[in-house]
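One structure is given here, and the rest of the page talks about it.
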Amino acid sequence: MAEGKKEGRQRRHKRIRKKVVGTPERLRLSVYRSLNHIYAQIIDDLKGQTVVSASSLDKEFLKDKKSHRGNIETAKQVGGLIAKRAIEKGIKKVVFDRSGYLYHGRIKSLAEAVREAGLEF
């Protein structure tokens, strides 16, 4: 029974989301990775609201249109940006939701940048 990449990721994502829930004390940091961009948002699952978000499509990254925004360096910048925005809102602790992606490459660099910027998870 052959399974595609997308279906496998969705299955892993469902399995992770059974365990990873954002509470008011520890909001959920969710990551989405496309071929060209990376997106991160901090979500309060009880209210069903996005509290803070950042992506490689933000104004800070649109200045340099020639650079490819789906790379590890941009993921680090997005991680730093979302951590800065979260700290401004008074968020110090989050739970990391990798959305079924392997903890490798862009996902890993974003997570490490978030930790370096001061968020705990």
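The values are calculated or read from the model by the stated rules, or taken from the named source; none is laboratory data. From a predicted model like this one, the values you see are computed outputs, not experimental measurements. For neighbour counting, all protein chains shown are included, and Cβ atoms are generated from backbone atoms with ideal geometry for every residue, glycine included.
Annotations
- Given (1) touching a Lys or Arg at 6+ places or on another chain (Cβ under 8 Å); (2) at positive phi, number of the condition residue 22 does not satisfy: (2)
- Condition check for residue 88: acidic (Asp, Glu), more than 14 Å from the chain's Cα centre (by Cα) and modelled with pLDDT under 90: no
- Of the strands (runs of 3 or more DSSP E) entirely within segment 22-114, those holding at least 3 residues that are surrounded by fewer than 18 Cβ atoms within 10 Å (Cβ to Cβ) occupy 49-55.
- Residue 63 being without any contact (Cβ under 8 Å) to a residue 12 or more places away in the chain, among the basic types (Lys, Arg) and more than 26 Å from residue 8 (Cα to Cα): yes
- Each residue in segment 12-21 was checked for being free of Cβ contacts under 8 Å to residues at least 60 places away in the same chain and surrounded by 14 or more Cβ atoms within 10 Å (Cβ to Cβ), and 0 of them qualify.
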